[in-house]
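Written out below as C-alpha cells is the structure these notes cover.
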Amino acid sequence: MNQRKKHLILPLAMLFAAAMPMLALAAEEAEYTPAVHATFWALVPPIVAIALALITKEVYSSLFLGILVGSVLYSGLNFELAITHMFQEGFIGVLSDSYNVGILIFLVILGVIVCLMNKAGGSAAFGRFAAERIHSRVGAQLATILLGILIFIDDYFNCLTVGSVMRPVTDKFNVSRAKLAYLIDATAAPVCIIAPISSWAAAVTGFVPGENGFSVFIRAIPYNFYALLTIVMMVGLTVMKADFGSMKKHEDNAVKGDLFTTPGRPYGEATEETTETKGTVADLLVPILSLIVCCVIGMIYTGGFFSGTDFVTSFSNSDASLGLTLGSFFGLVITVIFYQIRHVMNFSDCMACIPEGFKAMVPAILILTFAWTLKAMTDSLGAAVYVADVVNGSAESLVKLLPAIIFLVGCFLAFATGTSWGTFGILIPIVVNVFAESNPQLMIISISACMAGAVCGDHCSPISDTTIMASAGAQCEHVNHVSTQLPYAVVVAAVSFVTYIIAGFSQSAWVSLPIGIALMLLVLFFIKTLSNQEQ
C-alpha cells in the first residue's frame, strides 16, 4: 500500500509543479494593476491625443499615438505587454463588442440609404417642388433651412444635397452664395447632433461607457444649446432680415445682382446641369420616413414594448445598437422595394450603392474605432477613479462651471482639428468618468456641452470637412464662406456659453433653454437696431 502511494505521489507532484507557473501567470494577469493606475498618468493618453491633434491638425495619427501611449503606460515599458494590450484589449476588444459592431453596421446601412436617395433623384425632385412654390427671398431661405432640417440623418448627405437642390432657387431670388453656404453648414452638423435617428446619435451612444447611450443622447438634446440656438439664429436672421458683418455686404450686393461680391468667383461661370430622372419628392420622403419609423420600432422592440412594457419605458431601456441595426436594415429593404415598384432604379443599381455607401462611411468608422480604443486604454489605467477623486475634492461652484468650460474646450479642439467626432470621442468618456456616480444630471449637461462645443468648433473651422463641403455645395469661394459665417457662429457660441453657466447652476432645461432662446433673439434685435442706425 505504501509503495502504491509513492507511485501516485510522484506523478501528482510533477503535475502540480508543472501547473504552478500557469496558475501563477493566470492569477498575475487577473490581478495585474499598472503602477500608474488611478493617477494623473491615466489622463495622459487623451491629453497626448488632444495636443497632437492641435499641432498636426490630423485626427487619425493623433488618436493612434494616444492609444500607444496608454498601452505603454499600462505595460510599465514592457514591449510585449504593451503591444498585446493595445490590440487584444484595445482594437480587437472594441471591435469584438456586439454593441460597437451594431453601431458600425447601422452607419454602413445609413451610407447605403443616402447613396440610394441621391441616385434615385428624390433630392432633385424636392428642389423642383420648392421652386414652383417659393415667391420671395425670405421664402427661399426658409425653404433651404427646412430641407436642411429634413435631411437630418447625416451631415455629409445634407451638404451634398441641399446646395445642389436649393442653389437654383436661391439664385433666382438673389440670395448670396455666402448666405446659402451658411444655411447649408448650419443645418448640417447642428441638426444631426440633435436628431435621435442619425449617424451622429449612433456615434455618441458608443462613447458613453457604462450608461444607456441612446437614453443619454435623448436626455441631452434640450441642453445642446449651440445646435438649438443655431436654428433660432438662422430663422431669426431670415425673418428679421438682421444680417450683419461681412455677410450683410454680400447680401446687399446680391440684391443688386452680384451673388459673389469678391473678385475671386471660382464658380461664377458655372452652369447648372439638369439631369432628367424619374425621381419625385416621395423618393426622398419615403426612405427617410421608413428609416425613422423602422428605427423607432426597432428601439422599442429591444426595450420590450411587444412584451408588455409601455412605450416610454421601452424606448428609454432600449438597446440602441441592435434597435438601430434592425430598423436601418428594414428601412433599406423598404427603400429598395419602393424604388423597384416605382422603376426609378433597377436592382443592379441599387446593389451598386452598397459599396459606395460603405466607402462614404469609412472615415466615420475609423474615427469611432480609434476613439473607442483610446477609451479602453484610459479605462484600463483607472482614469475614472482618478477623475472622480479630483472632482469630489473640488469646490462645488467650480464643478457647476464645468459644462461651460467643457463647451469652450470642445470648441477649441474641434476648431483646431476640424473634426467633431474625434473631439467628443475624446471628451465624452472623461465627462462620464467625472459625473456618472456623483451627479448624473450634470453628466447629461456636460455631455451636451461636449457635443455642442465639438459642433461649434467644427462649424467655425476652415479645415472642417463639412465647412469645405458646404462651400462646394453652395458653389461659394471657401474663404468667403468661412469669413462670413464666423461672426454668426461666434455670436451663437457666446450666447451658448452664458446659457451653459445658467444650466450648470439651475440644472434644468426648463430654466436655461428659454433664457438662451430669449437672449439669442434679444442679441439679434440689438444687432439689427445697431445696423439700421449705421445706415
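For this structure, a couple of remarks:
- Among the residues of segment 477-535, those identified as aromatic (Phe, Trp, Tyr) and either in contact with a Gly (Cβ under 8 Å, 6 or more places away or on another chain) or at pLDDT 95 or above (or both) are TYR488, PHE497, TYR500.
- Number of the exception - ILE447 against (1) farther than 26 Å from TRP41 by Cβ; (2) of a type in the set (Val, Ile, Thr); (3) modelled with pLDDT of 85 or more: (1)
- Applying the condition of being of a type in the set (Phe, Trp, Tyr) and open to solvent by less than 10 Å² (accessible area, probe 1.4 Å) to segment 199-251 and asking which residue is nearest to ASP458 (Cα to Cα) yields TYR226.
- A single entry from ALA503, ALA518, ALA494 fulfils the requirement of being of a type in the set (Gly, Ala, Ser), crowded, with 19+ Cβ neighbours inside 10 Å and not in a loop (DSSP other than H, G, I, E, B): ALA503.
- From the options ILE231, ILE221, ILE184, residue that is farther than 25 Å from GLU477 by Cα, of a type in the set (A, V, I, L, M) and in contact (Cβ under 8 Å) with a residue 24 or more places away in the chain: ILE221
- VAL432 more than 24 Å from VAL495 (Cβ to Cβ), in a helix (DSSP H, G or I) and open to solvent by less than 10 Å² (accessible area, probe 1.4 Å): yes
- Qualifying positions in segment 70-84 - over 18 Å from ILE367 (Cβ atoms) and surrounded by 21 or more Cβ atoms within 10 Å (Cβ to Cβ): SER71, LEU73, TYR74
- Residues within segment 214-245 that are over 22 Å from GLY504 (Cα atoms) and among the charged types (D, E, K, R), tallied: 2
- Scope segment 85-128; condition loosely packed, with under 15 Cβ neighbours inside 10 Å and over 23 Å from the mean Cα position of the chain (by Cα); matching residues: PHE87, GLN88, ILE92
- Looking only at residues of segment 403-423 that are outside any loop (DSSP other than H, G, I, E, B) and out of contact with any Gly (no Cβ under 7 Å at 6 or more places or on another chain), we find that the one that is modelled with the highest pLDDT is ILE405.
- Residue within segment 166-173 that is under 19 Å from GLY122 (Cα atoms) and surrounded by fewer than 24 Cβ atoms within 10 Å (Cβ to Cβ) present: yes
The values are calculated or read from the model by the stated rules, or taken from the named source; none is laboratory data. Computed from a predicted model, the values in this text were never measured in an experiment. Cβ sites come from the backbone with ideal geometry, for glycine too, and all protein chains shown count toward neighbours. Side chains included, ligands, DNA and RNA excluded: accessible areas come from the protein's heavy atoms. Shrake-Rupley method; radii C 1.70, N 1.55, O 1.52, S 1.80 Å.
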